[in-house]
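Structure first, then comments.
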Amino acid sequence: MSRYRPPRTAGTALITPEGEARMRTEVHGLWHVRRPQVTQSVSEAAAQGDRSENAE
């Protein structure tokens with residue numbers, strides 16, 4: 001008995017264009033809005049000498 005499985009045939013799209021747009025918007029917000037905010041707060045905490053207690 002073989003474990004070979006033939007490739008699946010192409011099915012329907014797994015994500016709608018609206019879903020893709022929503023995900024792209026979320027990723028953009030995380031990378032270009034939220035990430036710089038977090039980086040700034042961690043930098044400020046590091047400047048005070050302690051990253052665990054001073055970052056709020």
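Please treat every number below as a calculation from the coordinates, not as lab data. Just so it is clear, the structure is predicted and the values come from calculations on it, not from any experiment. Methodologically, a virtual Cβ is constructed for each residue, glycine included, from the backbone with ideal geometry; neighbour enumeration extends over all protein chains shown.
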In order over the stretch 22-38: 3J(HN,Hα) from phi, Karplus 6.51/-1.76/1.60, θ = phi - 60°, whole Hz, x for each Gly or Pro, gives 5, 5, 5, 5, 5, 5, 4, x, 5, 6, 9, 10, 5, 4, x, 5, 5
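Can you work out the FRET efficiency for the pair Ser43 and Met23, with r the C-beta to C-beta distance and R0 = 22 Å, to the nearest 0.05?
After rounding to 0.05, the efficiency reads 0.15.
As an exercise, use a Förster radius of 35 Å and the Cβ-Cβ distance of Arg35 and Arg5 to find the FRET efficiency, rounded to the nearest 0.05. Before the final figure, lay out the partial values.
Numbers: r = 40 Å, r/R0 = 1.15.
Approximately 0.30, to the nearest 0.05.
Give me Arg5, Arg35 ranked fewest to most by other Cβ atoms within 10 Å of their Cβ, as a rough exposure proxy. Can you show the working numbers first?
On the way: Arg5 6, Arg35 11.
Going from sparsest to densest Cβ surroundings: Arg5, Arg35.
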